[in-house]
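Each remark here refers to the structure printed beneath this line.
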Amino acid sequence: MLSTVRLTSLLGCILISLSTQAADDAPTYSEHQDLSYYLNAAGQKQPIRTKEDWQIRRGHVLANLHKVMGDLPRPEKPVPLEMKVLEETKVGDLVRRKVSYHTDSKEQVVTAYLFLPPGDGKTPAILCLHQTTGIGKGEPAGLGGNPNLHYALHLAQQGYVTLAPDYPSFGDYKYDFDPKYGYKSGSMKAIYDNVRATDLLVSLPRVDAERIGCIGHSLGGHNTIFTAVHDTRIKVAVSNCGFTRFHKYYEGKLAGWTSARYMPLIASEYGNNPDKVPFDFPELIAALAPRAFLASSPIGDSNFEVSGVKDTIASAKPIFKLLGVEENLAANYPDCAHDFPEDVRKVAYDFLDKHLKK
């Protein structure tokens, strides 16, 4: 008999596979902001009027994303996590553990900070993804960097189990992004690592597997979106300073997306041209529906231009409405720079509470 944890992991993979198709078979869309239609086998536009119509377009969205990122691994028997506790520290009423676990091989070890609030009842949990910073997981865990970005600590203080892992090549995580190790992009490697981090969370006796969220700033903000699109166990996602439409990213100059850590095929296959990249964020945000999503996007963000976020939300809104969950799509446009100050965090934390503490 399958354990509850193993069954939850398998169901997550099943839901992922149901909403995708082979990348080579997917038609290419030139209008990433127009989500009113899908292309049939003859390349003809068909209006999206039903949930089933949207699922066809959603499958095309993920398939086109995989043309850039590579496929998500779907092993029949994932490598055992074999979580180990390396350190344990009391932080006020919280327990902070530094843990290690495997993701895609017995040789690959990821470390993360796991926070446990007081009590022993079933608790919602949040995966907390860090920005581009050398200390990696240490920043959301409150161990350095910008205090505004200590959200794994803050949310644990509000009663959540939180997990803050390293992104490959940050913190303790040494990683070689050479494609010979199985990934066409660092983004897909991070996505699969985060799927395994979710496996870890749902394996914990304290965690309610039906109440999982994800939050991140900057790199962690788009990493949150990429991960939640692929893992439907994540019921609510918050991206702070995490994205804009490709055409609005530094006026369509996409070099920042193309290092080995992210998506090098944007440069080598698509010439850094947003007209040629086969996916964009309006499609990804719509692909999160019917689950809840908050775009926290400051008007002074010099990395991710706010008008491209507003374009994205406007494009995705009809899909959330079609699925009967218009209230699950939200945006906050605070008057600040590329940061996550207290008043902005409060909006984000309240959104998580609304959807995870029902």
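No lab work stands behind these numbers, since they all come straight from the coordinates. As the structure is a computational prediction, the values presented were derived from the model and not from experiment. We place every Cβ from the backbone using ideal geometry, glycine too, and count neighbours over all the protein chains shown.
Among HIS230, HIS32, HIS247, the largest mean-square fluctuation in a Gaussian network model of the chain, built with springs joining Cα atoms closer than 10 Å, belongs to HIS247. Computed about its Cα centre, the charge dipole of the range 113-262 is approximately 340 debye, with only Lys, Arg, Asp and Glu carrying charge at their Cβ. Going down the table (LYS189/LYS253; LYS67/LYS248; LYS137/LYS189; LYS106/LYS235), which pairs top 18 Å between alpha carbons? Checking Cα-Cα distances, LYS189/LYS253; LYS67/LYS248; LYS106/LYS235 exceed 18 Å. Taking label points 7 Å from Cα along the Cα-to-Cβ direction, GLU269 and GLN158 give a separation of 3.8 nm.
With R₀ fixed at 51 Å, the C-beta to C-beta distance from ASP120 to HIS338 puts the FRET efficiency at about 0.85.
Once the Cβ-Cβ distance of LYS84 and ILE135 is raised to the sixth power relative to R0 = 25 Å, the FRET efficiency obtained is 0.75.
Farthest towards the positive end of the charge dipole of the chain, among the residues THR244, PRO75, GLY256, is the Cα of PRO75, using unit charges on the Cβ of Lys, Arg, Asp and Glu. Among GLN131, LEU155, PHE170, whose Cα sits farthest toward the positive end of the charge dipole of the range 101-241 (+1 at Cβ of Lys/Arg, -1 at Cβ of Asp/Glu, about the Cα centre)? It is LEU155. About the Cα centre of the range 34-161, how large is the charge dipole given +1 on each Lys and Arg Cβ and -1 on each Asp and Glu Cβ? Please answer in debye to the nearest 20. Once rounded to the nearest 20, the dipole reads 260 debye. The label point for ARG206 and the one for LYS346, both projected 7 Å from the Cα toward the Cβ, are 2.7 nm apart.
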